[in-house]
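Each remark here refers to the structure printed beneath this line.
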Amino acid sequence: VAERSLVLIKPDAVRRGLVGEIIGRLERKGLAIDAMRLRTMDVALADQHYAEHVERDFYPPLRDFMTSGDLVALVVSGDEAIAVIRNLIGSTDGRKAAPGSIRGDFSLSNRENLVHASDSVDSAKREISLWFPELAE
Ligand code: CMP
């Protein structure tokens, strides 16, 4: 089933020069880039994007990190794109993510873990409408 996912290449990846590496992996997998934009997340957008985490202990440092510099927001599509992308990215903690995944290959952190991707069809819809309102269904 064709799906769309909202992908964020986080500020750590931009600072480390990993944008091309990460987009290249998505492209070589066969996924399509439907939209892409370089921007800085402000606190209001962070609170909306991470609404389900706002009360968590890890949220304040996560918010500070996510608003610390430019990131690259993309809408990526393809067959079963949501699960396919989460597999390519690897599990949340880069220290435990499988080698071969983006986090497994390039991250040693469970906060500065390079990439975000929507975790369900519903969250993809919600996140795409936040980041790319012109593409919202
Ligand atoms: P992401 O896929 O963007 O979704 C929530 C983010 O919160 C996650 O990636 C991590 O960057 C961060 N995160 C999740 N769990 C923790 C944690 N235990 N400690 C610090 N950051 C976390």
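A few comments on the model shown:
- If the condition is being surrounded by 14 or more Cβ atoms within 10 Å (Cβ to Cβ) and outside any helix (DSSP H, G or I), then the stretch 71-91 contributes 71, 72, 73, 74, 75, 76, 77, 78, 90, 91.
- Tabulated pairs, the stretch 45-60, first under 17 Å from residue 112 (Cα atoms), second more than 8 Å from the ligand (Cβ to nearest atom) and part of a loop (DSSP other than H, G, I, E, B), C-beta under 9 angstrom, 6+ apart or interchain: 46/54; 46/67; 49/41
- Residue that is nearest to the ligand (Cβ to nearest atom) [pool: residues in the stretch 30-63 that are in contact with a Ser or Thr (Cβ under 9 Å, 6 or more places away or on another chain) and not hydrophobic (A, V, I, L, M, F, W, C)]: 52
- Output for the stretch 103-122, where each listed residue is in contact (Cβ under 8 Å) with a residue 60 or more places away in the chain, part of a helix (DSSP H, G or I) and either near the ligand (Cβ under 8 Å from one of its atoms) or under 22 Å from residue 61 (Cα atoms) (or both): 106
Quick note: the coordinates plus some simple rules give every number you see, no bench work behind them. Keep in mind that what you see is a predicted model, and the values were worked out from it rather than measured. Heads up, the Cβs are rebuilt from the backbone with ideal geometry, glycines too, and the neighbour counts pull from every protein chain shown.
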